[in-house]
Structures are given as structure tokens and as C-alpha cells.
Amino acid sequence: MTTLLVRNAKILVTMDGHRREIEGGGLFIRDGFIEHVGFTSDLPTRADEVLDLKGHIVLPGLINTHHHFYQTLTRAVPAGQDANLFNWLNTHYPIWARMLPEDIYISTQTALAELALSGCTTASDHLYLFPNGSKLDDEIAAAIEIGMRMHASRGSMSLGESQGGLPPDSVVDTEEQILKDSQRLIEQYHDPNPGSMTQIVLAPCSPFSVTTELMKQSAILAREYGVQLHTHLAETEDEEQFCLEMFGHRPVGYMQEIGWVDDDVWFAHSVYVNQEEINLYAQTGCGVAHCPSSNMRLASGIAPIKELIAAGVKVGLGVDGSASNDGSHLLGEARQAMLLARVKEGITGFSKSNDRTRKLMTARESLNLATRGGAAVLGRSDIGSLEVGKCADFFAIRLNSIDYAGALHDPVAATIFTQPVKVDYTVVGGKFIVKERQLVTVDEGKLIEKHNKAAKRLLSTL
Ligand SMILES: [Zn+2]
């Protein structure tokens, strides 16, 4: 048994049911779980390790609900810098088709390192390309080594260009291969228990890259094993048009028809959803990964986040792939979510409204999306807040820094408004991933060197 005492935080943000923010707060952690939360004076005084966080703000670890780690290798690719989704994808498919298993490993560590340095402790990734013998196992191994909690989505593409899909035939697989590998991964890695470090998700890529049969079969397999389902949905107007022409339905209608709207499903994006579809999400318990930076980067549109939240839909945040963001800064994404919700309010008349009860999305609401919202989307009740019995996943930032200068009247809101560049500590299950602003489970310098070498190779033969 190992214990960790965290004490003297200037402010400890629990995100519990009462949203307690405890001045002089701390945590007592045993074997990766929180045993006590409260004022430092009420906590045990001894532990195997003591972390004094005087002058720091402590928050629950952030949860990333949508990403494509491998895309950290193709950030800011010149030919894809200024394209919309379909053109951007067509630019990248041939580059991604050259990836090797070690590229998946390296890019996973880079993405997780960047996430950890921005306060993230749990990440979902959506890997849907398996070129040259690469497997989901490559990213699971990388995540285990770095020590982050991981929901690895076994993505897939089965609808190639010759069948009317978007991706070239060279990057799609057969339904049989995909389902067999999905089953193997669930049996080998999926841990549904509290404190789980690895979960498997089945995630056919999108309506325009996957056959209807594979969507249906994936759902049957996922439900047989009790794992979650995930896909991209209602991201762009192009996709909506594709679904109307190919399936005779809007994207959500298509999902409903094939049994993909339920409480074990979450969709990335949901930009183009109407009120009726939002209500359907709420009634069924279907979740949404909101990816504001990606939606802006690719000019996809603005998701109706306030409407989704008001209807009671589970909403979390996702940085999305690093090639459409082009970063993995989750705290930054929380800020973007708040700002983009405000842009939408502006478009719908907030700036000339006389209604004083009408409020913009607050920093704390955005923080809620990044913590409790993400946990709900990933179907987890053991993360997302700092409460007794939950996983000891948290991050801390020193308040006496340039990031907070002039904002100490409300450090909690400032953590979203000022978007601190780097956190000082990130802890997952009681173990340090970041300590004093340095990654402790991976050598950052060597990782960057290997990563840049791999990225250069991928683009060199273009
Ligand atoms: Zn995505």
C-alpha cells in the first residue's frame, strides 16, 4: 500500500456535487484512490509521500474525449493548412498510409505528453488507420508506459473510394479483419473496473468511410462485451449531404436507423444537429465530444453546445486530431469551448439583447465540460471530480506565475480565461506524470527528436 498526502493548496477545486472550492485544501490518497478530501487541517498528517502545494490551485484531471494521436506527426502540413474537412482528409490519407508501428508509438507518447502538460489525465483516442502492420496495441503500450488513463478506440474504415466512400481503397480494411481484431483487443485489454487504466471502444470512423454493415456489426460486438461505441457525426455540411444522398437520412437519422443512438455511444462533433436530434440524444443518453478548435480550424461550423447542455445531453471536450487543431492543449480547448459558445451567442443577438438574465457560457461551465462532462461521456463514475473513492487524478498550477498575474481575484475562472501554458503537476492514480513542470515518465528531449525524425520521413517522399 502506498499513500500520498497533498496539502495546503491555495484552492482545491473538487467539482463535486456541491462544486466545493476549498481554500487550504488537500487530498489523502491510498493506492491510487482518494481516501480524504478537505481542509489540510482535517487530513492525516503522515504519508509515504507528501506534496505541499502551497500557492497552487488544484483541479480534477481533465478528460479528453476525442483525439487522433498519430496526427501529431502531421501538424501544419502545408497542403492541408487551409482546407475544409474533405479536402484536408484527401491531402493527409496518402501521408498517413506510410506510417509504421513505431510512428504510432512515438506519436501517442507525444500527444499524451502534451495533454499531461495541459492538465489532462484521461484521454480517448480514435485510431482508424493501421498501415504497414501497425496495431492499436502500439498506442496502448505507449500509454501504459507514460502512465495516462486511456480509452483506446479501435477505429476502422471499410468504405473505399471505389464503393462511393471518401478514403482511397489502399487505407480501408475488410469487415472481417476489423471485427476479428476488435474482438481480440477487447478480450486482451478492456478493463471495466473502477480505476481502470485501459478501456477499448469500437469506433468505425465516419458515415462516409464505413459500410452500414460494419456499423451494425460493430454495435452488436460492442454490446456483447459491454464496451462503448464512438464515431464522427454531423461534423460538416458535406457529410450531411453525403448521408442524405447515400442513406436517405440526415446523419443522426441514419445512426438511429442502425441502432447507434443509445447511452453507450458518443459522437465527435455534432455541429449539424437540430433541436429534435438534440432531444433524441438527451432521451437516449447519447454523448457528444465537442471539439471547438478543430471545428474552427476546418471551418466546419459551431456546435450548438448551450442547446445540448440545456437539453441535458452529456457533453465532453476533445482536442481532436493534432492535424486539425494543431495541438493537444486541453486547458486551451476548454477556453476555446467557452469562447466559441460566446461567438454563437453573439451571432444569435446577445450583443443587442436587453435580457439581463441571458448569460454567456462561464469559465466554470467550461471546466465542467472538461471534467465531469468528459467522465459522463466516457461512461465513468470514478473520474471527473475530487471526491472520496474516486481516482486520484488531478493537476496543479502555481499561482505566482505570469499566467495568473492580475487574475488572482478568481483563480478558478482564471485557469480557463488566461489559459496557463503548462501545469506544474499532473498525477494519475496517485502517480506523477508531470512534476515541477517536467514530464517524469518519458524523456521529453529524446521523444521530440524521435518524433520529428518520424514526421520528416512521412513527408519526405511527397
Ligand atoms: Zn476526429
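The values are calculated or read from the model by the stated rules, or taken from the named source; none is laboratory data. This one's a predicted model, so the numbers in the text were calculated from it and none came from an experiment. Note: ideal-geometry Cβ built from the backbone for every residue, glycine included; neighbour counts use all protein chains shown. Heads up: the accessible areas ignore ligands, DNA and RNA and are worked out on the full protein's heavy atoms, side chains in. Shrake-Rupley method; radii C 1.70, N 1.55, O 1.52, S 1.80 Å.
Quick notes on this one:
- Residues within the range 87-127 that are in contact with a Pro (Cβ under 8 Å, 6 or more places away or on another chain) and within 15 Å of the ligand (Cβ to nearest atom), tallied: 3
So that you can scan it fast, the table gives a plain yes or no per residue for (1) surrounded by fewer than 16 Cβ atoms within 10 Å (Cβ to Cβ); (2) at pLDDT below 95; (3) not aliphatic (A, V, I, L, M):
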site	(1), (2), (3)
ILE397	no, no, no
ASN400	yes, no, yes
GLY430	no, no, yes
GLU449	yes, no, yes
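- Within the range 384-395, if we keep just the residues that are among the aliphatic types (A, V, I, L, M) and open to solvent by less than 10 Å² (accessible area, probe 1.4 Å), the residue that is nearest to ARG335 (Cα to Cα) turns out to be LEU386.
- Every condition in (1) in a loop (DSSP other than H, G, I, E, B); (2) farther than 23 Å from ASN8 by Cα; (3) acidic (Asp, Glu) is met by GLU365 except one, and the failing one is (1).
- Some residue of the range 254-262 being in a loop (DSSP other than H, G, I, E, B), open to solvent by 20 Å² or more (accessible area, probe 1.4 Å), touching a Gly at 6+ places or on another chain (Cβ under 8 Å) and touching a residue at least 24 places away in the same chain (Cβ under 8 Å): yes
- Output for the range 180-205, where each listed residue is out of contact with any helix residue (DSSP H, G or I) (no Cβ under 7 Å at 6 or more places or on another chain), within 30 Å of PHE242 (Cα to Cα) and of a type outside the set (A, V, I, L, M): LYS180, ASP181, CYS205
- The set of residues in the range 295-316 that are within 14 Å of the chain's Cα centre (by Cα) and more than 16 Å from SER153 (Cβ to Cβ) comprises LYS314, VAL315.
- Residues satisfying the stated conditions in the range 338-375, i.e. under 24 Å from ILE302 (Cβ atoms), open to solvent by less than 40 Å² (accessible area, probe 1.4 Å) and under 13 Å from the mean Cα position of the chain (by Cα): LEU369, ALA370, THR371, GLY373, GLY374
- Qualifying residue in the range 202-216 (condition: within 16 Å of the ligand (Cβ to nearest atom) and aromatic (Phe, Trp, Tyr)): yes
- Counting only strands (runs of 3 or more DSSP E) that sit completely within the range 29-142, zero hold 3 or more residues that are open to solvent by 30 Å² or more (accessible area, probe 1.4 Å) and closer than 20 Å to CYS205 by Cβ.
- Test for ILE309: is it modelled with pLDDT of 95 or more, open to solvent by 10 Å² or more (accessible area, probe 1.4 Å), among the hydrophobic types (A, V, I, L, M, F, W, C) and within 23 Å of SER218 (Cα to Cα): no
- Taking residues in the range 232-249 that are of a type in the set (Val, Ile, Thr), and partners anywhere that are buried (at least 20 other Cβ atoms within 10 Å of the Cβ) and assigned to a helix (DSSP H, G or I), the pairs with Cβ atoms closer than 6 Å and at least 6 places apart or on different chains are THR236/LEU85.
- Only one of VAL434, VAL412, VAL442 that is buried (at least 16 other Cβ atoms within 10 Å of the Cβ), part of a loop (DSSP other than H, G, I, E, B) and either at pLDDT 95 or above or of a type in the set (Asp, Glu) (or both): VAL442
- Qualifying residue in the range 235-243 (condition: more than 13 Å from the ligand (Cβ to nearest atom), open to solvent by less than 30 Å² (accessible area, probe 1.4 Å) and in contact with an Asp or Glu (Cβ under 6 Å, 6 or more places away or on another chain)): no
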